[in-house]
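K.L.:
Input: one structure, supplied below.
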Amino acid sequence: MIAFGPWGIFFLGVIDSVGVPLPAAMDGLLVLVAVKSPDRAYFTALMAVLGSTAGNLALFLAARYGIRRFLKGEPPPGKRRKFQSWFHRYGLLTVFVPAVVPVIPIPLKVFVVSAGALRTPLGRFLAVILVARIIRYFGEAYLGIHLGADAQDFLRRNAWTLVGIALALTLAMYWVIRLNDRRRRPAM
């Protein structure tokens, strides 16, 4: 894919995000491009963001509009409503965390499909994917440029720190959501 340059990274991002799992391939290639061609690193990161966003959008839309074909019966209303309520409140956090952190083995595709099937607003979904992928891919390009060949070792050595930061961000967002819910509830 490096031979195809940034466009190869774009297509790899689409393929990886649509459903063909390529664990850490995008991350490794992006860092490698940044190390070998620092002048093309940020453009390559942009192409990775665009490709990944396009692939996730395709999967999201397929789940949104294709789910009716695969559902033969409706799940019980109580369970369905409970899961929908939970996902509408916290679901985009479950999309954000695996989309931003390359070291967590959480399947992003499951949450993208859930977001589509449960009719998460398209704009909110796209915003979460874009922010997460911009942080991830531009961060990896930055590390590749500034750390050179040691960038991948840096990511391996600091994997738990990155997980901790992602979890702290997730908890902070969770508490913001909870506070917002409390403010909306009428006082009794």
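Read the figures in this text as sums done on the coordinates, not as results from a lab. Keep in mind that what you see is a predicted model, and the values were worked out from it rather than measured.
K.L.:
Using 0.36 nm per residue, how much length does the chain from Y174 to S37 gain when fully extended, once their Cα-Cα distance is taken away?
P.N.:
On the way: separation 137, 0.36 × 137 = 49.32 nm, distance 3.90 nm.
Going from the current span to full extension adds 45.4 nm.
K.L.:
On to the next question. Can you tell me the length gained on complete extension of the stretch W160 to F11, counting 0.36 nm per residue apart and subtracting the Cα distance?
P.N.:
Full-extension gain reported as 50.7 nm.
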